[in-house]
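Novice: The structure's right below; bear with me while I get my questions together.
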Amino acid sequence: MSLAGKRVLLIVSGGIAAYKALELVRLLRRDGCGVTAVLTQAAEQFVTPLSVQALTEHRVYTNLFSLTDESEMGHIQLSRAADLVVVAPATANILAKMAAGIADDLPTTLLLATDKRVLVAPAMNVRMWEHAATVANMATLMARGVAVVGPDEGAMACNEYGFGRLAEPPSIFAAIRGSLAPGPLAGKHALVTSGPTHEPIDPVRYIANRSSGRQGHAIAAALAALGARVTLVSGPVSVADPAGVEVRHVETAEQMLAACRLALPADVGVFAAAVADWRVAHAADLKLKKTPAGSPPELTLTQNPDILATIAAAGPLRPTLVVGFAAETHDLRMHAEDKRRRKNCDWIVANDVGAGTGIMGGTENEVVLFTEAGAEPWPRAGKDEVARRLAGRIAEALGGGGPTNTGVEIAARTP
Ligand code: C5P
């Protein structure tokens with residue numbers, strides 16, 4: 001989807017990453033998107049209004065109390081003339097003000113006055129990002145329907161390492177496109193896991209399973225088709241990356257968990273991957289060799305982290321809707337209901353993968369959806385069709401998006 005003819009109101013708050021907002025403006029303009037920029041007072045310390053003006057080809061707004069600003073365009077109109085309000089970078093300070101509804105300058109007044117969808121790209125020091133206050137503020141904003149992109153993990157300007165780096169401009173651009181896309185999941189972020197994991201024994205051997213990734217990939221594609229921004233964390237598969245989806249390729253369960261954590265926050269998490277339950281405790285650095293005596297090596301296994309249960313217990317960063325899978329060969333209902341409770345998921349999509357069903361690695365699936373309301377058997381269908389049906393149910397549960405959504409509404413609509 002092209003952004004030609006769309007209008008973004010870009011609020012730049014103060015932080016060392018503010019310079020990246022210039023690159024974001026360039027990407028938006030190149031796609032035909034109109035950009036009006038507003039700088040906080042602190043942002044002016046990092047980028048000049050003149051450089052932003054040159055790139056946006058529009059007047060840059062900076063001060064709520066400028067009479068010229070008010071007479072040319074009142075703050076209400078400024079926020080309403082846009083299709084989307086983007087805060088990039090969003091500092092801990094502006095996020096806190098947004099969560100509290102404080103309006104003490106032009107940018108925060110615009111944010112309180114807007115009736116448009118809002119997307120924030122947080123950027124701050126890792127300790128500020130992990131502080132209980134910021135975590136609670138993010139949860140409040142997300143529950144209100146504010147969309148979030150990033151932050152990324154990496155080295156920071158303050159010489160520390162961790163989460164808090166501003167997402168790269170192409171990722172913010174993709175999130176803007178997702179927020180403006182038509183569809184009931186526009187502005188929502190979906191995290192999907194798919195495929196098997198490979199757990200190394202030595203540099204050439206690994207433990208794996210028969211998962212093809214077809215179901216998880218189809219779910220990622222179906223969610224994207226409904227307008228969601230999708231992060232797909234995929235184990236090694238031979239199916240192609242779905243179009244319009246951000247794919248993170250991983251091999252092991254530990255890498256999959258790290259990639260999932262990195263992708264948070266998300267509105268919905270769908271955990272379709274067949275994660276290996278165990279890994280070799282100490283994978284060999286060199287290829288294990290056959291011994292002349294012929295005795296095979298002994299492999300000591302250790303438990304892998306449960307990705308679904310870990311993300312479902314991620315406190316305020318837990319996705320609003322958590323969907324797990326249960327592949328069973330017997331006592332489907334008992335195992336699925338037990339998993340739903342034990343792993344703290346909202347829904348479990350359960351299927352019988354017993355020998356002869358042809359489901360594991362095949363193109364069709366026959367599932368039962370377990371929710372709080374009970375069990376709902378779905379007819380056998382292609383994995384694409386099952387994915388479309390599940391994506392539709394997710395869109396219904398998340399209430400179609402928009403800035404007026406609240407967590408209460410989402411919870412009430414979840415069957
Ligand atoms: O316990 P079991 O492996 O059957 O649970 C299946 C569900 O848990 C699936 O949604 C799967 O993706 C998830 N899972 C996980 N991490 C694991 C094991 C399972 O996310 N280590």
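Novice: Could you figure out which of (1) more than 9 Å from the ligand (Cβ to nearest atom); (2) surrounded by 13 or more Cβ atoms within 10 Å (Cβ to Cβ) isn't true of Thr302?
Specialist: (2)
Novice: Does Arg144 fit the bill of being in the same structural domain as Ala96 (by TED's automatic domain parsing), away from the ligand (no atom under 16 Å from the Cβ) and open to solvent by 10 Å² or more (accessible area, probe 1.4 Å)?
Specialist: yes
Novice: Another question about this same structure. Going by the conditions given, is Ala228 of a type in the set (A, V, I, L, M) and in contact with a Lys or Arg (Cβ under 7 Å, 6 or more places away or on another chain)?
Specialist: So Ala228 fits the description; yes.
Novice: If I ask for residues that are small (Gly, Ala, Ser) and surrounded by fewer than 24 Cβ atoms within 10 Å (Cβ to Cβ), which ones from the range 1-38 would you list? First the steps, then the outcome.
Specialist: Residues of the range 1-38 that are small (Gly, Ala, Ser), as a first pass: 2, 4-5, 13-15, 17-18, 21, 32, 34, 37.
Residues satisfying the conditions are Ser2, Ala4, Gly5, Gly14, Gly32, Gly34.
Novice: Looking only at residues in the range 2-25 that are without any contact (Cβ under 8 Å) to a residue 60 or more places away in the chain and outside any loop (DSSP other than H, G, I, E, B), which one is nearest to Gln77 (Cα to Cα)?
Specialist: Within the range 2-25, the match that is nearest to Gln77 (Cα to Cα) is Val25.
Novice: I've got another one for you. Could you check Leu232 against (1) surrounded by 18 or more Cβ atoms within 10 Å (Cβ to Cβ); (2) part of a loop (DSSP other than H, G, I, E, B) and say which number it fails?
Specialist: With (1) surrounded by 18 or more Cβ atoms within 10 Å (Cβ to Cβ); (2) part of a loop (DSSP other than H, G, I, E, B) applied to Leu232, the lone miss is (2).
Novice: Looking only at the range 306-349, count every residue that is within 9 Å of the ligand (Cβ to nearest atom), part of a strand (DSSP E or B) and among the aliphatic types (A, V, I, L, M) and tell me the total.
Specialist: Going through the range 306-349 one residue at a time, the tally reaches 5.
Novice: Next question, about the same structure. Report every pair of residues separated by at least 6 positions or lying on different chains whose Cβ atoms are under 9 Å apart, first residue within the range 47-59 and on the phi < 0 side of the Ramachandran plot, second among the polar types (S, T, N, Q).
Specialist: Pro49/Thr62; Thr56/Thr36; His58/Thr36; Arg59/Thr36; Arg59/Gln53
Novice: Six or more apart or on different chains, Cβ under 7 Å: which pairs go from a residue in the range 232-254 that's at pLDDT 95 or above to one that's open to solvent by 50 Å² or more (accessible area, probe 1.4 Å) and of a type in the set (Gly, Ala, Ser)? Could you list them?
Specialist: Correct list of pairs: empty, since none qualify.
Novice: What do you reckon, is Ala266 closer than 23 Å to Ala313 by Cα, more than 9 Å from the ligand (Cβ to nearest atom) and either surrounded by 16 or more Cβ atoms within 10 Å (Cβ to Cβ) or at pLDDT below 95 (or both)?
Specialist: yes
Novice: Taking only the range 161-183 into account, find how many residues are open to solvent by 50 Å² or more (accessible area, probe 1.4 Å) and not in a helix (DSSP H, G or I). Working first, answer last.
Specialist: First, pick out the residues of the range 161-183 that are open to solvent by 50 Å² or more (accessible area, probe 1.4 Å): 161, 165, 168, 170, 177, 182.
Pick out the ones that are also not in a helix (DSSP H, G or I) and you get 161, 165, 168, 182.
Going through the range 161-183 one residue at a time, the tally reaches 4.
Novice: Quick one: count up the residues across the range 123-160 that are assigned to a helix (DSSP H, G or I) and modelled with pLDDT of 85 or more. Steps first, please.
Specialist: From the range 123-160, those assigned to a helix (DSSP H, G or I) are 126-130, 132-143; that's our starting set.
The next check asks that each one be modelled with pLDDT of 85 or more; those that pass are 126-130, 132-142.
Matching residues across the range 123-160 total 16.
Novice: I'd like to know if the range 167-179 contains one or more residues that are of a type in the set (S, T, N, Q) and over 30 Å from Gly32 (Cβ atoms). If you could, list the steps in order and put the result at the bottom.
Specialist: Step one: filter the range 167-179 for residues of a type in the set (S, T, N, Q), giving 171, 179.
Keeping just the survivors that are over 30 Å from Gly32 (Cβ atoms) gives none.
No, the range 167-179 has no match at all.
The values are calculated or read from the model by the stated rules, or taken from the named source; none is laboratory data. As the structure is a computational prediction, the values presented were derived from the model and not from experiment. Neighbour counts are summed over all protein chains in view; Cβ atoms, including those assigned to glycine, are modelled from backbone coordinates with ideal geometry. We work out accessible area using only protein heavy atoms, side chains counted, and drop any ligands, DNA or RNA first. Shrake-Rupley method; radii C 1.70, N 1.55, O 1.52, S 1.80 Å.
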